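Throughout, read-outs are computed from the coordinates displayed, never taken from laboratory work. Remember, it's a predicted structure, so these values are computed and weren't measured experimentally. Don't worry about glycine lacking a Cβ; one is built from the backbone with ideal geometry, like all the others, and counts go over all protein chains shown.
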Amino acid sequence: MAAEGKAIDALHQFNLAPVLGEFGEQYMFSQSTLFMAVAVVLITLLMVVGMARGAVVPGRLQSLAEASYEFVHELVVGQVGDEGKKFFPFVFCLFMFVLFGNLLGLIPYAFTFTSHIAVTFALAALVFVLVTIVGLVIHGTHFFSYFFPEGAPKLLAPLIIPIEIISYLSRPISLSVRLFANMVAGHVMLIVFATFVVMIGSAGFIGYFGAVLPLAINVILVGFELLVAFLQAYVFAILTSIYLHDAVHLH
Amino acid sequence: MSKSLRLAALTALAMLPAAGSFAAEHEEHAGGMPQLNFGEPLLVAQVFWLLAIFVLLYVLMAGVALPRVAKVLAARRSRIDGDLEAARAAKDRADAAMADHRSATAHARAEAHAAVSAAVARAQDELATKTEAMNAKLARQIEAAEAQISAARQAAMGALRQVSADTAAAVVARIAGGADRAVVDAAVDRELSARGHA
């Protein structure tokens with residue numbers, strides 16, 4: 001993970017490797033997959049154990065579980081309206097899965113599965129497929145009028161329709177690349193500055209003082225990454241809600 | 001309009017930390033990003049694992065966890081509503097009791113006033129009749145006394161006439177020798193009435 005010779009190997013941390021020995025080899029179970037499973041276990045523990053007592057006056061864990069529930073519920077109902085309640089479990093899963101993936105990635109030696117474009121694109125594709133199916137089920141072929149806004153001059157149709165279709169098709173790309181790029185950038189910066197700490201610190205007595213600066217930067221970066229971890233999960237969830245709103249209401 | 005503005009702001013905000021990804025792109029040329037190494041079977045397997053794990057998460061959340069949270073939240077809401085309702089009812093009851101109490105107090109006060117003024121009126125009536133009776137009695141006594149006095153005076157006047165006539169007759173008899181009693185009486189009467197003693 002750290003410096004190999006002179007070069008800073010910032011990308012080694014994203015390498016996939018099988019875990020859990022024989023099982024991992026056979027079923028291609030990588031550390032990325034392991035952390036997805038860990039995220040699901042933690043989310044389930046939070047939501048099931050936290051709500052186990054179902055107390056009228058909630059404790060700490062129950063407050064957290066209820067706060068997550070109400071935060072995402074407000075978000076979905078606020079964006080989509082009352083029809084959005086059907087999609088609440090899906091958006092909740094997306095939000096919690098991305099949030100826990102981002103946060104778990106900040107623990108040293110953990111793997112950030114949201115830093116893999118294959119993962120984020122698969123999630124974004126899931127959203128894209130769902131949104132398209134919802135649009136088609138609710139509006140039938142009328143759904144295609146989405147690509148030509150009402151009241152636009154007919155003359156501009158050859159221009160507007162391709163633009164709308166391209167912008168629609170680029171949604172999963174922007175959705176997945178945004179999350180992926182943010183997580184990769186954050187983790188690359190963290191390891192670059194961490195490597196600086198080791199490199200400068202190994203330069204003897206004076207190096208101890210020099211290493212303080214990149215260390216301080218890393219401390220700040222971890223705080224910043226906590227913000228990014230939450231913000232990106234929020235952005236993923238709210239964009240999904242906005243797309244669902246478009247599919248349900250057509251503009 | 002505000003929605004698209006918000007979307008733009010969110011996108012800009014989200015892209016802000018991505019500025020650092022240029023650092024990553026420099027490294028990419030050295031070894032290549034592991035994320036783009038599609039020859040790696042683990043990378044493809046990861047997607048299938050993701051779908052399986054995400055479906056599991058969805059089933060757990062939609063089937064078990066979220067309905068339970070919804071139930072707890074609904075129970076709390078109905079409990080709070082119930083408590084508020086009970087508090088409102090209790091307040092209504094207290095208000096009604098207060099109004100009852102107030103009207104009862106006013107009623108009692110009015111009754112007491114009436115009783116007092118009735119008692120005063122009765123006392124005054126009694127006093128008036130007693131005074132009247134006393135006055136009448138006194139008037140009767142005065143009248144009786146006056147009658148008695150005038151009778152006594154009458155008697156006294158009669159005696160005076162007798163004495164005057166006798167004396168006059170005696171005086172006349174001594175002076176003139178004998179006297180007509182009737183003439184003397186008439187002369188005394190005349191004299192008495194002239195002096196106002198009749």
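Quick look at the numbers
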| quantity | calculated |
| --- | --- |
| Relative contact order (%) - criterion: Cα under 8 Å, at least six apart; region: chain A | 25 percent |
| Note, ³J(HN,Hα) from phi for the range A:151-161, Karplus 6.51, -1.76, 1.60, rounded to Hz, x at Gly and Pro | x, 6, x, 4, 4, 7, 3, x, 8, 5, 4 |
| For chain A, convex hull volume per residue from C-alpha positions, Å³ | 194 Å³ |
| Gyration tensor (alpha-carbon) shape descriptor, the range B:103-188, a/c threshold 1.5 | prolate |
| Test item: B:63-75 mean partner chain Cβ contacts at 10 Å | 6 |
| Extreme residue, positive dipole direction of chain A, given options A:205, A:137, A:177 (C-beta unit charges) | A:205 |
| Number of partner chain Cβ atoms within 10 Å, mean per residue of A:60-69 | 2 |
| Helix-only CD estimate at 222 nm, as mean residue ellipticity for the protein assembly as shown, using -39500 (n - 2.57) per DSSP H run (n ≥ 4) | -27000 deg cm²/dmol |
| Normalised contact order of the range A:1-116, rounded percent, pairs of Cα under 8 Å and 6 or more residues apart | 25 percent |
| Over the range B:152-195 - Rg/Rh using Cα atoms and the Kirkwood inverse-distance radius | 1.02 |
| Mean projection area, nm², convex hull over Cα of the protein assembly as shown | 60.5 nm² |
| Fraction of the pair-distance distribution of the range A:88-160 above 13 Å, Cα-Cα pairs, percent | 75 percent |
| Most mobile of A:159, A:239, A:61 in a GNM of chain A (Cα contacts under 10 Å) | A:159 |
| Net length gained if the chain between residue B:131 and residue B:162 were fully extended (0.36 nm per residue, minus Cα distance) | 6.5 nm |
| Packing-based order for B:119-128, A:65-74, using average beta carbon neighbours within 10 Å, highest first | A:65-74, B:119-128 |
